[in-house]
Amino acid sequence: MSMNRPAAAALAAALCLPAAGCGSPSAEKATGTTAAASVSGYPVTVGNCGVKETFEKAPSRVVVMNGASVAEVSTLLALGLGDRIVANEQSYGMSEVPGRAAAIKKLPTGDVKPNDAYDIPRETMLGLRPDLVLSTTSYGFDQKNGFATRAQLKDVGANTYVSPQGCDQDTSGMTIADSYRLLRDMGKVFGVRDRAEKLIAASEKNIAAVTAKVKGKKKPRVMVLFSNMSMGGNDFSSVVAKGIYNDILARAGGSNAFENASRTSFADLSKEKVAATDVDALVVIGYHDPNPAAYARKLLKEFPQWPAAKNTRYVTLSDSMYLGPSNDVAVRRIAELLHPDAF
């Protein structure tokens with residue numbers, strides 16, 4: 001099953017041919033109940049893509065644009081802000097964090113009919129009467145795509161926010177630090193800074209513990225790609241080259257086998273190029289794919305010469321491999337795959 005064209009286009013645009021929950025899954029409440037927001041501390045100002053956004057109070061009518069991401073909605077849920085959302089367009093249909101996929105599914109969608117760019121049209125957006133609109137990249141505020149601009153939203157009293165590394169729609173330099181920045185910014189905006197810092201501290205502690213276990217070990221060469229998705233002209237157009245994925249791999253004691261295959265987040269590779277590369281392990285990212293493991297097994301069968309095939313070494317992940325508050329989950333899952341003797 002291949003990914004439908006609009007969804008693939010949305011992912012490619014939002015992630016610039018790349019893209020996205022909590023520092024510790026046990027510490028996270030996936031239900032999205034409201035965290036106590038301080039009435040003091042406002043107004044607050046957040047610098048965002050060269051724009052200063054000033055908040056007189058914590059937002060209460062939040063719209064989360066699609067952007068082929070769950071970074072933004074997962075961050076709000078991790079901070080206990082689910083009931084501030086009046087329309088959420090983000091979903092992967094799966095998550096490494098228990099309860100998160102179900103919590104996202106329960107959120108209101110605003111009965112939005114997406115436009116040709118697979119997101120919220122201008123007039124629909126304005127009709128939702130938001131006081132904060134979140135977009136994965138600046139693509140979501142581009143008038144050429146049929147979206148409301150930041151200026152148009154400001155005119156109706158709505159603040160706007162583009163997630164870290166999304167200003168110029170190039171996420172190839174994204175790292176785990178950007179996930180923490182998103183948490184901190186939302187903590188500041190909603191008056192729940194302490195909650196954000198606790199989540200960040202838990203994630204940092206979890207990642208440090210894993211990295212210590214794999215320190216000094218040989219780094220297997222890992223292929224990271226999306227299952228059943230085509231975004232280019234070759235057989236393998238959803239292979240990760242750059243971005244937050246590489247930071248996660250490095251913390252887990254691995255390396256990206258195709259890091260130098262492209263200057264952008266994704267490489268568009270021929271079957272021959274893939275076959276000629278030694279792949280020690282597979283990380284398959286599921287995006288609205290009900291069975292990414294089947295795709296992983298198919299690849300291992302297709303390339304029996306890979307060390308990964310000889311050892312049937314793969315792991316399937318979804319939201320923890322993206323920008324968002326659960327990168328520590330991906331770090332541990334991948335480290336356990338690559339260095340099972342360390343755990």
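The values are calculated or read from the model by the stated rules, or taken from the named source; none is laboratory data. Because the structure is predicted, anything quoted here is derived from the model rather than measured. Positions of Cβ are backbone-derived with ideal geometry, glycine not excepted, and every protein chain shown enters the neighbour counts. The protein model used for the area step is the full one, side chains on, heavy atoms only, and it has no ligands, DNA or RNA in it. Shrake-Rupley method; radii C 1.70, N 1.55, O 1.52, S 1.80 Å.
The residues of the range 116-135 that are buried (at least 16 other Cβ atoms within 10 Å of the Cβ), in a loop (DSSP other than H, G, I, E, B) and more than 20 Å from the chain's Cα centre (by Cα), listed by number, are PRO121, LEU128, PRO130, ASP131. Does TYR139 meet the test of being among the aromatic types (Phe, Trp, Tyr), at pLDDT 95 or above and under 22 Å from ALA330 (Cβ atoms)? For TYR139, the condition - among the aromatic types (Phe, Trp, Tyr), at pLDDT 95 or above and under 22 Å from ALA330 (Cβ atoms) - is not met.
For HIS339, indicate whether it is surrounded by fewer than 21 Cβ atoms within 10 Å (Cβ to Cβ), under 15 Å from the mean Cα position of the chain (by Cα) and not polar (S, T, N, Q). No: the conditions fail for HIS339. Taken together, the criteria place SER203 among residues that are polar (S, T, N, Q), closer than 30 Å to THR45 by Cβ, within 19 Å of the chain's Cα centre (by Cα) and buried (at least 16 other Cβ atoms within 10 Å of the Cβ).
Would you confirm whether or not the range 227-244 contains a residue that is within 30 Å of LEU128 (Cα to Cα) and among the basic types (Lys, Arg)? Checked the range 227-244: no residue is within 30 Å of LEU128 (Cα to Cα) and among the basic types (Lys, Arg). Residues in the range 74-102 that are over 18 Å from LEU317 (Cα atoms) and either modelled with pLDDT under 95 or not in a loop (DSSP other than H, G, I, E, B) (or both): how many? Here the count works out to 10.
In the range 136-172, the residue that is nearest to ASP116 (Cα to Cα) out of those that are open to solvent by 20 Å² or more (accessible area, probe 1.4 Å) and of a type in the set (A, V, I, L, M) is ALA151. Reported count of residues in the range 136-178, each being closer than 21 Å to PRO325 by Cβ, assigned to a loop (DSSP other than H, G, I, E, B) and touching a helix residue (DSSP H, G or I) at 6+ places or on another chain (Cβ under 7 Å), is 9. Looking across the range 300-325 at every residue that is in contact with a strand residue (DSSP E or B) (Cβ under 7 Å, 6 or more places away or on another chain) and open to solvent by less than 10 Å² (accessible area, probe 1.4 Å), the one that is farthest from MET94 (Cα to Cα) is identified as ALA308. Which numbered condition in (1) at pLDDT 95 or above; (2) open to solvent by less than 50 Å² (accessible area, probe 1.4 Å); (3) farther than 21 Å from THR137 by Cα is the only one that ASP185 fails? The one condition ASP185 does not meet is (3).
To keep it simple, each residue is scored yes or no on (1) modelled with pLDDT under 95; (2) among the aromatic types (Phe, Trp, Tyr).
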{"position": "THR277", "(1), (2)": "no, no"}
{"position": "LEU282", "(1), (2)": "no, no"}
{"position": "ASP289", "(1), (2)": "yes, no"}
{"position": "ALA293", "(1), (2)": "no, no"}
{"position": "PHE303", "(1), (2)": "no, yes"}
{"position": "LEU317", "(1), (2)": "no, no"}
{"position": "MET321", "(1), (2)": "no, no"}
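When LYS29, LYS57 are checked against the criterion of being at pLDDT 95 or above and surrounded by fewer than 23 Cβ atoms within 10 Å (Cβ to Cβ), a single residue qualifies: LYS57.
Note on the range 60-81: residues that are more than 15 Å from the chain's Cα centre (by Cα) and surrounded by 24 or more Cβ atoms within 10 Å (Cβ to Cβ) amount to 4.
Quick one: how many residues across the range 233-286 are open to solvent by 20 Å² or more (accessible area, probe 1.4 Å) and either closer than 18 Å to THR316 by Cα or in a loop (DSSP other than H, G, I, E, B) (or both)? Residues meeting the conditions: 16.
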